[in-house]
Amino acid sequence: MSHDDMEHDHRDVERTFAALPPAHGRGFAGTWWGQAWLKALEDTALDTQQLKAGRRLARAGAVGAVSVRPGRITAVVQDSDRTTHRADVLLEELDGEQWDRFLDMAVERAGHVAALLDREMPPHLVEDAAAAGIELLPGLGDLEPECDCDAWDHCGHTAALCYQVARLLDQDPFVLLLMRGRGERALLDDLQTRSTRRIEAPSEPEGVDAVEAYRSGDILPPLPPPPELPPEAGTPPSLDTDTPPAPGVDPDSLRHLAARTAVEAHRLLARALRLDAEQLLTEGELTVEQDAVRLSVGGPGKAVADRLADGSARDREGLARATRAWCLGGAAALSVLEEEWAVTGETLARARAALESAWDEDERPSLRAKGNRWTVVGTPAQLRLGQDGRWWPYRKERGRWMPAGAACQDPATALASMEAAGGAEPA
């Protein structure tokens, strides 16, 4: 092995990231996998004050260069009194047999490899890995802290390191795979080798011996594997415009209905390939009003939009607002748009705790609460709490509150995502 190869291999099993700038006024994780990393930290830590201290240190830029190696992340963290501490967080590596299963699974679906190369970690990759018995993302108790401040649980220094690593994971999910034991170059080389073997392997003719088939005639063969998900919804066939429509048939409505049906069929197939039958049965049916909003996605013509507005029991402006919400989160987002409910008891306590811990004391916005809606005083910005505990950002536009982004578990991230998407109008 040449000196250059040895140096590259060393870099592949240990990566060092320069200290990130302060993160004032923004959430630490924008991707779902970055948020899952922080959830593992926040579910594990016993002292919420240490989490707050960690967020404060990370936001202030007190975390130095971060070293990532299989099973361990390390950084030097500086306290407010300028004393420094070495903080380490350990995460169990995958063993050789687990990596074999993960790589075989990834090779079978080219989309998984393409997503990783685009620095994305789609949910179905993690779900497929879990189905193969491999947990990529950490869970409760998986992030084990070590710090020279001698804390026995997560301290402010290890928490600060975890919050900073969430920002690195947002940019590159290969950081997580390196923590689990495999560097980017080694992983991609192994995938390439397995893909080549798969292409070159001679295919065996399928079939069984005739005598054996006769003896086993009453045994059904196994079901074929599920189909691969097409990259996008199909295009319905065009209507024959030379033939006049039958009485009562509106061609424009039929075209739009066919296009939306193709999109819905693609969504249902994607869901069916990810979930089992029992989970699919628990998905509630849409009401007529909700289905009218779903069908309004895709820019129907005026006549069709008027019919859908009537079917949804809304005017055209109300249908436009509802459609905007639907595009951001389906029926759940539509419910948040139109339903105001009283937050009480344990739900209220959890909501207040989330708002209290989302910002540092000097950065927390002034909020005015009404039901499940918290308005940022002096600005046209609002946070709405959904029944599932997620926060939805809203912006006031022309005197009406409009959905301004997808839901987040963290209220600060929800508010920051709205600002990043274009800011709020002047009050």
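The values are calculated or read from the model by the stated rules, or taken from the named source; none is laboratory data. Here the structure is a predicted model, which is why all the values come from computation and not from measurement. Here Cβ is always computed from backbone atoms with ideal geometry, including for glycine, and neighbour counts include all displayed protein chains. Side chains are part of the model used for accessible areas, which takes the heavy atoms of the whole protein and leaves out ligands, DNA and RNA. Shrake-Rupley method; radii C 1.70, N 1.55, O 1.52, S 1.80 Å.
A few notes on this one:
- Any chance residue 336 is within 25 Å of residue 27 (Cα to Cα), open to solvent by less than 60 Å² (accessible area, probe 1.4 Å) and either in contact (Cβ under 8 Å) with a residue 40 or more places away in the chain or in contact with a Pro (Cβ under 8 Å, 6 or more places away or on another chain) (or both): yes
Yes or no, residue by residue, for (1) part of a loop (DSSP other than H, G, I, E, B); (2) touching a Phe, Trp or Tyr at 6+ places or on another chain (Cβ under 9 Å); (3) open to solvent by 50 Å² or more (accessible area, probe 1.4 Å); (4) modelled with pLDDT under 75:
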| site | (1), (2), (3), (4) |
| --- | --- |
| 239 | yes, no, yes, yes |
| 242 | yes, no, yes, yes |
| 247 | yes, no, yes, no |
| 255 | no, no, yes, yes |
| 259 | no, no, no, no |
| 262 | no, no, no, no |
| 266 | no, no, no, yes |
| 300 | yes, no, no, no |
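- Filter result for residue 142 (of a type in the set (Asp, Glu), under 21 Å from the mean Cα position of the chain (by Cα) and closer than 18 Å to residue 43 by Cα): yes
- Some residue of region 351-361 being in a helix (DSSP H, G or I), touching a Phe, Trp or Tyr at 6+ places or on another chain (Cβ under 8 Å), open to solvent by 20 Å² or more (accessible area, probe 1.4 Å) and touching a residue at least 40 places away in the same chain (Cβ under 8 Å): yes
- Flag not set for residue 152, criterion: touching a residue at least 24 places away in the same chain (Cβ under 8 Å) and either open to solvent by 70 Å² or more (accessible area, probe 1.4 Å) or out of contact with any helix residue (DSSP H, G or I) (no Cβ under 6 Å at 6 or more places or on another chain) (or both).
- One residue stands out among those in region 270-293 that are assigned to a helix (DSSP H, G or I) and modelled with pLDDT of 75 or more: the one that is surrounded by the most Cβ atoms within 10 Å (Cβ to Cβ), which is 293.
- Enumeration of residues in region 21-53 that are under 25 Å from the mean Cα position of the chain (by Cα), among the small types (Gly, Ala, Ser) and in a helix (DSSP H, G or I): 34, 36, 40
- Looking only at residues in region 59-87 that are outside any loop (DSSP other than H, G, I, E, B) and among the hydroxyl-bearing types (Ser, Thr, Tyr), the one that is most open to solvent (accessible area, probe 1.4 Å) is 84.
- Residue match in region 199-215 (condition: modelled with pLDDT under 90, under 29 Å from the mean Cα position of the chain (by Cα), part of a helix (DSSP H, G or I) and over 24 Å from residue 77 (Cα atoms)): no
- Which numbered condition residue 56 fails, given (1) open to solvent by less than 50 Å² (accessible area, probe 1.4 Å); (2) not in a strand (DSSP E or B); (3) not hydroxyl-bearing (Ser, Thr, Tyr): (1)
- With respect to (1) touching a His at 6+ places or on another chain (Cβ under 6 Å); (2) closer than 17 Å to residue 163 by Cβ, the lone exception for residue 125 is condition (2).
- The residue that is surrounded by the most Cβ atoms within 10 Å (Cβ to Cβ), among those in region 88-134 that are at pLDDT 85 or above and under 30 Å from residue 76 (Cα atoms), is 89.
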